[in-house]
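A.B. asks: What follows is a single structure, and I will ask about it in a moment.
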Amino acid sequence: MISIGTTFNYEIPLEQQLPLIKNAGFSHISLGARTEHSGYLSSSSQRAIKKLVETYDLAVCSIHTPFGK
């Protein structure tokens with residue numbers, strides 16, 4: 001399994017990162033700790049992320065929790 005974190009550039013929306021990640025040869029992603037980037041804390045965003053990773057034939061290998069409070 002080869003993975004990359006979505007933390008490589010938070011200025012690029014997740015929807016735009018995934019095709020770049022796939023084209024670079026990765027098979028898995030790790031969602032970064034900035035929840036505003038992917039929105040993984042809400043159930044609607046979780047469904048959207050699932051569809052996106054399936055669209056690009058990727059999988060999520062880990063999810064990082066937010067830092068701080």
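The values are calculated or read from the model by the stated rules, or taken from the named source; none is laboratory data. From a predicted model like this one, the values you see are computed outputs, not experimental measurements. As a convention, Cβ positions derive from the backbone with ideal geometry for all residues, glycine included, and neighbour counts pool all protein chains shown. For the accessible areas, the whole protein counts, side chains as well, though only heavy atoms, and no ligand, DNA or RNA atoms are used. Shrake-Rupley method; radii C 1.70, N 1.55, O 1.52, S 1.80 Å.
A.B. asks: Considering only residues of segment 37-69 that are of a type in the set (Ser, Thr, Tyr) and surrounded by 14 or more Cβ atoms within 10 Å (Cβ to Cβ), which is modelled with the highest pLDDT? Talk me through it step by step, then tell me what you get.
C.D. replies: Of all residues in segment 37-69, those of a type in the set (Ser, Thr, Tyr) come to 38, 40, 42-45, 55-56, 62, 65.
From what is left, the residues that are surrounded by 14 or more Cβ atoms within 10 Å (Cβ to Cβ) are 38, 40, 45, 56.
Details: SER38: 92, TYR40: 93, SER45: 94, TYR56: 97.
Per the criteria, the residue is TYR56.
A.B. asks: Also: What are the residues in segment 1-36 that are outside any loop (DSSP other than H, G, I, E, B), modelled with pLDDT of 95 or more and open to solvent by 50 Å² or more (accessible area, probe 1.4 Å), if any?
C.D. replies: GLU15, GLN16, LEU20, LYS22, ASN23
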